[in-house]
Structures are given as C-alpha cells and as structure tokens.
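Working notes for the structure below.
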Amino acid sequence: MAGSEKTSVLLEETRLFHPPKDLVENSNVMQYMKKKGFKTEKELRTWASANLEEFWGEMGKEYATWFKPFDKVLDWKPPYSKWFLGGLINATYNCVDRHAKGAKKDKVAYIGVGEPLGDVRKFTYGDLYKEVNKLANGLKSLGIKKGDIVSIYMPMIPELPIAMLACAKLGIIHSVTFSGFSSKAYGDRVIDGGSRISITVDGFWRRGKVVPLKESADEALLTAPSVEKQIVYKRCGNEVKWNPRDIWWHDLVKDQSTECDCEQLDPEHRLYLLYTSGTTGKPKGIEHAQGGTVVGCPQTLHWVFDLKDNDVWWCTADIGWVTGHSYIVYAPLSLGVTSIMYEGSPDFPDFGRWWSIIQEHKVNVLYTAPTAIRMFMKAGAQWSDKYDLKSLRLLGTVGEPINPEAWIWYRTNIGRGELQIMDTWWQTETGTFINSPLPTTPLKPGSCTMPLPGYNTEVWDESGHKVPTGEGGNVVIMTPYPTMLRDFYKDPARYMKTYWEHYWKVAPGVYLAGDKGREDADGYFWIQGRIDDVLKVAGHRLGNSEVESAAVSHPKVAEAAVIGKPDEVKGEVIIVFAILRSGVEPSEDLKKELIAHIRKTLGPVGMPEAVYFVNDVPKTRSGKIMRRVIRAKAMGQPVGDISTLMNPEAVDGIPKIV
C-alpha cells in the first residue's frame, strides 16, 4: 500500500454525553487526581503518559503486594520489555491468598450461575483459597513444576479460574482454550505448548443440552504425546469414555492439604499463553507475564469501571479470551470484588436470562460485547423491560467498535438513558484496555475516546508519519506498558514481523496494532476496523465498520456485515448483508430504503450496490464479524476452516452473489 493512501472518513458523530457530577466526584480516578493535584483529566493523561516509569512505579506499589519490592520499573530494549525488575511476586497470592488471610475471607469472590435455572454456587475468597491449594497440591503430586505448561479446556464454571490460579501459584504456565473451539483447535494448542497436563470437564450446559467436552478433549489428545495426565472435573455427570491417563478432579484433590505456599516469582516469569483464534494459519501463542498482569489489570479495572468494594461486577466474556483472563480472573480477584460467572447462552431459556441475573444478583457494573447488544436490539427491548435493572450504575463494551446506534440502544434500554458506557479498545496482545473513557470523560457514541494514563497511541500513515486530524490510518502504540505481550511462544521471528517490522526503520519500538482508526479534533479515537477490512471504492478507502454503522442506524436493522465485491470500474462495490430487527419483514422496497439511507448517511461514495437480508452472519467466538468468510462464501470461493466460528451454520445463509 502506497504511503499516500488514506482511509476516508464518512461518518461524523457529534453527540456528547457528559458524566453525572456524583460519578465524577466519587470516582476512583478523581481521588488519585486530587492526591496528585491534577485539575483536569487531560492533565492526568498527559502527565502519566509522559512520565511512564514514575506512573507505573506508583501503580506497581499501589495495586500489587510483593514478596520483594522491585528496584527498577522498566528495561526497554525494543521490541522486548521487562517490568518491575528485582521484585518477587505471585499472581495467585495477589488474587486469593492476601484476601483469604485478611478481612475478605468470607466475602463472595464468584457467583457461579449455571445454565440450568436455580443452579447457583457461591465461592468466598476463603473457599477459593482452599480449592486452589488442593488442586495445586494435586498438580505437584503429578510431578508438575514451575515452568511447565498445563492446557485447560473448560466452560464458564468457577473451577476454570481455580485451575488457572492453581497453576499460577506454582509458577506453572496455563494455556486456556475456549470450550466452544473444536478438538483440532485444542489439539493444536496442546501440541504447540508441549503441555504435560490437560484439564477438562465431562460436559457442560449449552441451550439446555449437555456438550460432551471430554469427547473433544480426548480426540485432541490422540495426536498430543506430551500429555501425561488428563484431569476431568465432573460437571454434568454424563457418561464418558475413560482412558488410562484420565483422573477425576475430585479424586485428585480429596486427600490434598488446603495449604500450599506460593512460588516467589520474577515478575517476568510467564503467567500464561493465550493463542489467537488461528482461523487462518497457525495459531500464535501470545506470552504474558506475572508482574505486568498483577499491576496493569487491576489498575485499569479500578479506574475505568470505578469498582467499589461492595460492587457486583459482571464481565460477560468467556475466560477463553483475554477479556476473561484479565477482567474475570486477574483484575477483579486482585481488587477483592465479587464477580458473576455465567455458564450458558444469553438467550436461554429466553432473551430475558441476562436481565434476570442482573436483577437477582443486583449487578452494578456490566461489561459486554457489541454483538450481544445488537442481538438484544434485534430481539427487542420488551425482554429487558421485564426486569429491574436499577442496580446498574456503569456499562461497558469490548471486542469490536460499537455502532453509535447500538451504543444509544444500550444506554437507553439497559442504562435507563443515564448510564455512561466505557467503550474499551485493546487486544489479546495488550492484556489491558489501551484507549478507554474514564468515569470523568464526556462520551461520543462509537468512540473509545483517548489513550488511558500511562499509554500512548497515535494514527500513522504507511510511511510512519502521524496523519492529519480526522484522517484515517494505522493505529500504533508508541511506548511500552506492563501488560504488553512479551513474545510469541517459540516464534520470535513472527513476533517481530507481525508487530514491529512495519515501522522499525522509521521508529524502532512502535507497535503496529493491526487496526485502522482516526483521531478527531478533540483527541477522541475512532476504530474503523482491521487493516485488512478496508473497502477500496472508486479510489476511496473506506472502513467496513463505518458502512455497517450506517446500516445499523436504520431503525429496522439490528446488525450488518459489509464486504467489497470486485468491480472493473470502481475497483470494488459495497455489498451489505443486513439482519433485521425482530418482527420486521424483508422486502425489495426495504432494500431500496436501506440503500438510500446509507447513501444519505455516508454520501455517494458509501452507497451500496446491493443489500441482502440474512438471519445471521458468521462471527468468531469473541463476536467479531468474519468478513473474510462472508466474502469467500458470497464469491463462491472455499471458506476454509470454520470450526472455530461461534455460529458456523450462518455461513450457509450467505447467498452467492456472482
């Protein structure tokens, strides 16, 4: 791509939502600002991002308990960083032990909500301490030690974080695979990591049926000779085939001590591997470190979502994703708060399930994905209207850019028209939010606002120059931060090529995030989609997500996916696949109406050539629309491996358009 090419910006959002005064005044970040003497949020962001070592040194002391204090904050030799040098730490000590040995021993850490109605289990910090220690001792009895890798293939039940924390306590590196992934996906990750232990369940509940997960785990391990033992937690009691290497979780832990010392670890000791989805090519094993996670995750959660000691926090992600690692396990447990974990589907037995959980458990802060919000938009507000959601005081989104109209629907119907929405931009690789509002930030629907204090992002053109305000380009991260990925497992060359090589000659140490975006005149960032998700129409480069947002702003459309179809004259023409809201009938007139609406919203260059109505569009398990798959199916080309999609059946509903 030539350096002069820019991504056009067609969608301008001008609505501004100021935070309520009491939220601002009582926010955690405001207390820090007062302590430091900062008068404005901008002053804080500017100072922290310019004084990284002083800022992160403060945060390291504030948010983590150290066995031995660090004596140096950062060693940065691009593209590798080391943080909190000289210190000794343990993530599980910070998440469990220090609470269980203190005032929070009897406080609920997890409310585990199973999919079957009435299936609720509560674990206090004292309970977690005992369960984690018994499993850690069980792992030791199997000969597993510091530096070994354990693969975990489990659903959203409290035993999943217990397994992760047992590993972290001993300095064992955990590698979690999302339970919805195929046996091949799990096998690939086990083989790449050379795991000695697999941990899974007999089965779990999904839409009223038992998913026999052990079957998939067994199939995966057929080609994984490194695995010596498989620990199986009995969740559903379904019949399972038993192999010589298998051991029941309850048998392993029944005679184990409820005491187990934490390994005192170098902050750079690896905490976990997390593999990217690998729908194309070999999955990449992203390495994250103990020290950075223990500092950066709780600090960002405490500031962005303003969690208080009596809050009930619900991040609806799956722990199989980085969102779950950071913001269901390591951040909320470090802060000593109560979290919801829900096993099942958001629409089972009906679209009221989430709202009933919020009502029953008085959830205060909800963090979810735009794809879920659009699903509820499609179903209609009558479901959330049945429940009392007054306990909610803050909302958030994660996973992809949120369409402004979905943002407004979320605020209006879930947030009573008054709650602020923390729209966070970050990645598996970053480990924490990078750009995000604070509770003090005025909001623009669809914008992830600005880099958080201690982070620095910009928008560059291909040749390494910052693009003019309002123009689109590549989002880059300029400086290191504690939770950044440390490497690709066993593949440093790919690590260098993927993130650092692009701008290395111009500015070594500038990270290419892989997203297109723009920065407006107020310093707010707008993510326009992945670099490879760009339409090239008549000499203009358009972000797919902008056209999708324009489609969703039509009152009859719940969700949309946009691809480019090759065209001899224009290069590409825009094709829209639209999902209509519940009760709306498709028609040729509605197609014309939608095309006219998008043209009016974006101008002539954004006008689609055609609209197709579909029931669903293929998405990854984290909710990202798989435009590559849609395009291949629509163009009559092979779609490749779709086993890791959340809804592979949606591929069949995409019509061939050539």
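At a glance:
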read-out: Meets criteria (modelled with pLDDT of 95 or more and either in contact with a His (Cβ under 6 Å, 6 or more places away or on another chain) or within 28 Å of LYS61 (Cβ to Cβ) (or both)) for GLY352; value: no
read-out: Residue in region 541-560 that is assigned to a strand (DSSP E or B), among the hydroxyl-bearing types (Ser, Thr, Tyr) and either modelled with pLDDT of 85 or more or within 27 Å of VAL617 (Cβ to Cβ) (or both) present; value: no
read-out: Meets criteria (more than 18 Å from ASP515 (Cα to Cα), in contact with a strand residue (DSSP E or B) (Cβ under 6 Å, 6 or more places away or on another chain) and among the small types (Gly, Ala, Ser)) for ALA550; value: no
read-out: Residue list for region 126-161, restricted to those being closer than 25 Å to TRP321 by Cα and polar (S, T, N, Q); value: ASN133, SER151
read-out: Boolean, ASP188 is closer than 24 Å to HIS288 by Cβ and touching a residue at least 60 places away in the same chain (Cβ under 8 Å); value: yes
read-out: Test: residue in region 598-612 that is closer than 29 Å to TRP425 by Cβ, surrounded by fewer than 16 Cβ atoms within 10 Å (Cβ to Cβ) and of a type in the set (Ser, Thr, Tyr); value: no
read-out: First in region 256-272 and part of a strand (DSSP E or B), second anywhere and polar (S, T, N, Q), Cβ under 7 Å, 6 or more apart; value: LEU265/ASN90; LEU265/GLN290; LEU271/GLN290; LEU271/THR293; TYR272/SER175
read-out: Residue list for region 398-425, restricted to those being assigned to a loop (DSSP other than H, G, I, E, B), of a type in the set (A, V, I, L, M, F, W, C) and surrounded by 24 or more Cβ atoms within 10 Å (Cβ to Cβ); value: VAL398, ILE402
read-out: Single residue of region 1-33 satisfying the filter (modelled with pLDDT under 80 and among the hydrophobic types (A, V, I, L, M, F, W, C)) that is surrounded by the fewest Cβ atoms within 10 Å (Cβ to Cβ); value: ALA2
read-out: Filtered residues of region 195-239 (kept if over 29 Å from ASP119 (Cα atoms) and acidic (Asp, Glu)); value: GLU219, GLU228
read-out: Candidate set from region 372-397 (those that are crowded, with 22+ Cβ neighbours inside 10 Å and part of a helix (DSSP H, G or I)); member that is modelled with the lowest pLDDT; value: ARG374
read-out: Residues located in region 106-134, provided they are β-branched (Val, Ile, Thr) and in contact (Cβ under 8 Å) with a residue 12 or more places away in the chain; value: VAL108, ILE111, VAL113, THR124, VAL132
read-out: Any hit, region 360-368, residues being surrounded by fewer than 22 Cβ atoms within 10 Å (Cβ to Cβ) and farther than 22 Å from LYS122 by Cα; value: no
read-out: Condition met for ALA634 (of a type in the set (Gly, Ala, Ser) and closer than 14 Å to ILE579 by Cβ); value: no
read-out: Where VAL294 falls short, out of the listed (1) part of a helix (DSSP H, G or I); (2) within 21 Å of ILE421 (Cα to Cα); value: (2)
read-out: Any hit, region 317-330, residues being touching a Pro at 6+ places or on another chain (Cβ under 6 Å) and either surrounded by fewer than 22 Cβ atoms within 10 Å (Cβ to Cβ) or part of a helix (DSSP H, G or I) (or both); value: yes
read-out: Among (1) at pLDDT 95 or above; (2) part of a helix (DSSP H, G or I); (3) surrounded by 24 or more Cβ atoms within 10 Å (Cβ to Cβ), the one test that TYR186 misses; value: (1)
read-out: Positions within region 636-646 being crowded, with 16+ Cβ neighbours inside 10 Å, in a loop (DSSP other than H, G, I, E, B) and either in contact (Cβ under 8 Å) with a residue 24 or more places away in the chain or not assigned by TED's automatic domain parsing to the domain that holds ASN615 (or both), in sequence order; value: ILE642, THR644, MET646
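For every residue, the table says whether it meets (1) in a loop (DSSP other than H, G, I, E, B); (2) touching a residue at least 24 places away in the same chain (Cβ under 8 Å); (3) touching a Leu at 6+ places or on another chain (Cβ under 8 Å).
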{"site": "PRO453", "(1), (2), (3)": "yes, yes, yes"}
{"site": "GLY470", "(1), (2), (3)": "yes, yes, no"}
{"site": "THR479", "(1), (2), (3)": "yes, yes, yes"}
{"site": "MET484", "(1), (2), (3)": "yes, yes, no"}
{"site": "ARG494", "(1), (2), (3)": "no, yes, no"}
{"site": "VAL506", "(1), (2), (3)": "yes, yes, no"}
{"site": "GLY517", "(1), (2), (3)": "no, yes, no"}
{"site": "GLY529", "(1), (2), (3)": "no, yes, no"}
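The values are calculated or read from the model by the stated rules, or taken from the named source; none is laboratory data. No experiment lies behind these values; they were computed from the predicted model shown. Please note: Cβ atoms are built from the backbone with ideal geometry, for glycine as well, and neighbour counts cover all protein chains shown.
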